[in-house]
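One structure is given here, and the rest of the page talks about it.
Where a number appears in this text, it was derived from the coordinates with a stated rule and is not lab data. Since the model is a prediction, treat every value here as computed from it, not as a measurement. Here the Cβ positions follow ideal geometry from the backbone for every residue, glycine too, while neighbour counts run over all protein chains shown.
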Amino acid sequence: MSRQPQQEPYYSDEGIMDIVSYNTYDYSQPKRGEDLNNPNATTSTSAIVDESPTRVGVEQSIFVSERYGPLFIDGGSQFEVLNLTEAGELVSIEIVTDNPYLAVYLQLDDYKNKEPNGITPAELLLRGRDEYSEREFYVEDRRPDGMYVIKYHPRNVDEYQDVIRLLLRNDLRKQKLFGAPSSFVNRSGLPTPKTLDFAGGSTFEHKAIGGQTGQDYPLTRVAEIMQYAGGEEYKTGIINPSVLLDRTLLEGEGNPYTGTAGLFNIERGIDPATGGETIVWGEPGEKVISGTGSYTPAVSPTFPGNGYGAYSEQQIVIYNDSSEDHTATVNGVSGVPFARGDGFKVGDPLLIWDGGDTLYFPGEIVSLQQFVTGTSTWTDVNGDAIAPIQGAVAITVKPGLGYKPPNMYVDVTTSVSPQPKFYLPSPRNTNPKILVKEITVRRRRKKYLQE
């Protein structure tokens, strides 16, 4: 039998003790031949012998309050909160989680809230069910601490006679974060997000990031800061092409890779150079560089593009100095752009830190070039170190940002630290985890099975 939770006695009248009775005709299993007359017996019980265990029904009116958490549910896994054969009344359910795509499945006898896997806060939010709803789950929108609260609290008596079952499921799959937008459909009956808020194309600003001053590669706690900052979370607002092309899809509100599922590592931090460099952004669709072999961004100048796979592109150029001359030789050797960056290549997502309070996630690298002064041509340097005696470096990304950020400067002659850096973000978990901070279930148990 399933585990019995810790119980807190409930008495409607403290002067009257509970009465416990044993009824071998309800909630029971026969163990002897003569027990086949039991009304619960079927022809399949004829093989039961004398040693078969007896399960008797215990009538005991008590109030049960169960609490679990905090706990993590891996991608493709579930947590069974309750699975009991008993009779009683459900008083309330409250679940606190950091992800709106946690599926909650409730069964009371023949009633099942949603088959096969349950309902998610993402669906409830899209339906506007963020206020009390009788005999239905409802959800509070994301709190300042980044949590969602899912509630079930019937005002009328919600009785069950045989079964109570509560499951929490995590059906998220691993996903590239902060890359180029693409058509996305969730699996296993989960709703599909309306927007691709886990893709590149936005900026995150928070004073706590500036507090990382003095921290070298990699930045510490940046991912945690992003997930905790509930009202300032990273959002692109890029429409998911899947929901445009197939209106029959079940849609959901919010980012599936919110919270623990969206935590990421920061890899291969790179100083632009030894000092004096200028980092210049172009407008979406603007070609910043010129000359033989120079990469031309996508024609679509409007961020983020047409929404059906053709996205805008944006160029970011690292010049030797504020003159913005692409033929000027980049200074230094050890600090040359991407000298430690073997692995920076086409297809990687990009993160740029301005050295202060702002992180830029412009999307996926589609071109990485350096101007070769000897031949006066732009040359692809996909995954290779940058030559220390050559000219400017140009990075083109998609979808880019919806605007042109201010120029950034690297000036090691000052005491200002840290300086702007380039990073590669990658998902932290092979199976994206969901944090369930607390589960509280209250019910009045009237009858249960005992071995």
Note, segment 79-85: 3J(HN,Hα) by Karplus (6.51, -1.76, 1.60, θ = phi - 60°), whole Hz, Gly/Pro = x, goes 10, 8, 7, 9, 7, 10, 9
Which residues qualify? For residue 60, with a placed amide H closer than 5 Å and at least 5 residues away or on another chain, they are 447, 448
Sorted by chain and then number, the residues having a modelled amide H within less than 5 Å of the amide H of residue 252, at least 5 places away or on another chain, are 192, 194
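Sorted by packing (mean other beta-carbon atoms within 10 Å per residue), highest first, where do 353-363, 242-252, 72-82, 312-322 land?
Working: 353-363: 21.7, 242-252: 14.3, 72-82: 17.5, 312-322: 23.4.
Top of the packing list down: 312-322, 353-363, 72-82, 242-252.
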Phi angles of segment 183-199, converted by Karplus (6.51 cos²θ - 1.76 cosθ + 1.60, θ = phi - 60°) into ³J(HN,Hα) in whole Hz with x for Gly and Pro, give 5, 9, 9, 5, 9, 6, x, 5, x, 9, x, 5, 10, 9, 6, 9, 8
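Summing Lys, Arg as +1 and Asp, Glu as -1, what charge do residues with Cβ under 14 Å from the Cβ of residue 194 carry, residue 194 excluded? Numbers along the way, then the final one.
Working: positive: 127, 235, 247; negative: 123, 197, 246, 251, 253.
Computed value for this residue: -2.
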If every Lys and Arg gets +1 and every Asp and Glu gets -1 at its Cβ, then about the Cα centre segment 102-252 yields a dipole, in debye to the nearest 20, of 460
Taking placed amide H atoms and a strict 5 Å upper bound, the residues 5 or more places from residue 120 or on another chain that come that close are 104
Total charge of the residues flanking residue 434 in space, meaning their Cβ is under 12 Å from its Cβ, with Lys and Arg +1 and Asp and Glu -1, is 0
Lys and Arg at +1, Asp and Glu at -1: neighbours of residue 170 with Cβ under 11 Å from its Cβ sum to +1
FRET efficiency (residue 426, residue 235; Cβ distance; R0 25 Å; to 0.05) is 0.80
By Cβ neighbour count within 10 Å, fewest first, 379, 278 rank 379, 278
HN-Hα couplings for segment 344-354 via Karplus (6.51, -1.76, 1.60; θ = phi - 60°), in whole Hz with x for Gly/Pro, come out as 6, 8, 4, x, 7, x, 10, 10, 10, 9, 7
